[in-house]
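These notes concern the structure reproduced below.
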Amino acid sequence: MKKALLWIAAIIVTILAAIYQRDTGPTNPKRITYTIEGTTYKAKLPRSGNSTSDCKVSLNLPLTSTATLYFRRYSTQDSFSPIPFIPEDEKTQSAYLPQMPPAAKLEYYIVVNEGNNPMEIMRNSPVVIRYKGDVPAWALIPHILAMFLAMLYSSLAGLAAAFKMESFRKFAIITLVLLLVGGFVLGPIIQFYAFGQAWTGFPLGFDLTDNKTLIALLIWLAAVIANRKHSRPKIVIAAAIVTIVAFSIPHSTKGSELNYETGKVVSGVIMRVP
């Protein structure tokens with residue numbers, strides 16, 4: 001019963017952390033709600049695009065309404081360029097953002113013309129979309145699985161250590177191996193396919209996804225070494241807490257970004273060009 005409760009608690013913690021990370025991530029679609037002629041509509045505006053094709057932006061709009069998407073290169077003072085929405089059926093209209101190279105970012109907003117009263121969507125805080133290259137499924141799926149399992153076994157190790165179950169040492173070793181495979185073997189492969197760079201964390205850059213993975217690996221390495229000959233559950237508990245905090249940081253924060261001024265892909269925050 002104790003083992004079953006341990007697994008249930010660890011699974012709940014892992015799922016909640018994964019949901020939080022997904023919903024707060026900068027590449028997760030932006031959910032919006034708007035009202036036209038007394039009817040409320042919902043839509044998801046993309047914040048991640050594929051560099052091999054134009055990016056489709058769709059709105060639920062009646063045929064009596066017209067809309068225009070305005071975009072420009074992110075972190076520049078370019079003028080916004082218009083793209084008209086085109087009806088796909090009686091309820092949906094779409095506009096297509098242009099194809100961009102990997103790590104390039106655009107910002108955009110939408111204006112809906114409803115009679116003589118234009119309605120602005122995200123005008124004051126434009127949606128930012130980042131483009132990426134194609135990532136093969138043979139690398140992406142095992143990476144996602146390994147990182148999810150790493151979080152699960154991290155939670156298991158921490159909970160087992162808190163309840164003084166000897167299995168925490170085994171769970172700690174499994175966590176370390178999963179972090180190594182998922183974050184430092186498959187992770188760089190995915191990063192290279194998506195943005196052309198294998199590692200953008202310390203000491204090469206400021207990518208928080210790479211850096212939080214590095215922190216998690218180092219603290220679990222320390223926890224495993226510390227528990228090789230002696231039982232030190234407090235270190236494992238601390239490692240599990242740090243991992244939860246680290247992996248709660250939204251994915252892709254301060255990630256790879258094309259600097260339009262230099263033409264180079266960098267990580268961190270790019271200041272707007274005056």
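The values are calculated or read from the model by the stated rules, or taken from the named source; none is laboratory data. What you see is a predicted model; the values in this text were computed from it and never measured. As a convention, Cβ positions derive from the backbone with ideal geometry for all residues, glycine included, and neighbour counts pool all protein chains shown.
Data for the structure
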{"item": "Answer residue from segment 246-274, given it is hydrophobic (A, V, I, L, M, F, W, C) and in contact with a helix residue (DSSP H, G or I) (Cβ under 9 Å, 6 or more places away or on another chain) and is modelled with the lowest pLDDT among those", "result": "I249"}
{"item": "Complete set of residues in segment 55-77 that are closer than 18 Å to M100 by Cβ and modelled with pLDDT of 95 or more", "result": "C55, K56, V57, L69, Y70, F71, R72, R73"}
{"item": "Filtered residues of segment 17-44 (kept if part of a helix (DSSP H, G or I) and surrounded by 13 or more Cβ atoms within 10 Å (Cβ to Cβ))", "result": "A17, A18, Y20, Q21, T24"}
{"item": "Out of N124, N211, sole residue that is polar (S, T, N, Q), without any contact (Cβ under 8 Å) to a residue 40 or more places away in the chain, in the same structural domain as S231 (by TED's automatic domain parsing) and within 30 Å of L45 (Cα to Cα)", "result": "N211"}
{"item": "Those residues of segment 162-192 which are of a type in the set (V, I, T) and either surrounded by fewer than 22 Cβ atoms within 10 Å (Cβ to Cβ) or over 20 Å from I215 (Cβ atoms) (or both), in sequence order", "result": "I173, I174, V177, V181, V185, I189, I190"}
{"item": "Long-range neighbours under 7 Å by Cβ, at least six apart or interchain, first residue more than 15 Å from L106 (Cα to Cα) and part of a strand (DSSP E or B) within segment 249-274, second among the small types (G, A, S) and at pLDDT 65 or above", "result": "V266/G205; S267/G205; S267/G255; S267/S256"}
{"item": "Contacts under 6 angstrom Cβ, first residue in segment 71-87 being under 14 Å from Y260 (Cβ atoms) and free of Cβ contacts under 8 Å to residues at least 12 places away in the same chain, partner of a type outside the set (S, T, Y) and surrounded by 14 or more Cβ atoms within 10 Å (Cβ to Cβ), 6 or more apart", "result": "D78/R72"}
{"item": "Selection within segment 45-61 - assigned to a loop (DSSP other than H, G, I, E, B) and touching a Ser or Thr at 6+ places or on another chain (Cβ under 8 Å)", "result": "R47, L61"}
{"item": "Every residue from segment 170-203 that is outside any helix (DSSP H, G or I) and touching a residue at least 12 places away in the same chain (Cβ under 8 Å)", "result": "G196, Q197, T200, G201, F202"}
{"item": "Filtered residue count, segment 94-139, keeping only those that are of a type in the set (A, V, I, L, M, F, W, C) and in contact with a helix residue (DSSP H, G or I) (Cβ under 6 Å, 6 or more places away or on another chain)", "result": "3"}
{"item": "Among the candidates L214, L159, residue that is closer than 30 Å to M100 by Cβ and surrounded by 16 or more Cβ atoms within 10 Å (Cβ to Cβ)", "result": "L214"}
{"item": "Pairs with Cβ under 7 Å, 6+ apart, first in segment 222-243 and in contact (Cβ under 8 Å) with a residue 40 or more places away in the chain, second in a loop (DSSP other than H, G, I, E, B) and surrounded by 14 or more Cβ atoms within 10 Å (Cβ to Cβ)", "result": "V236/N227"}
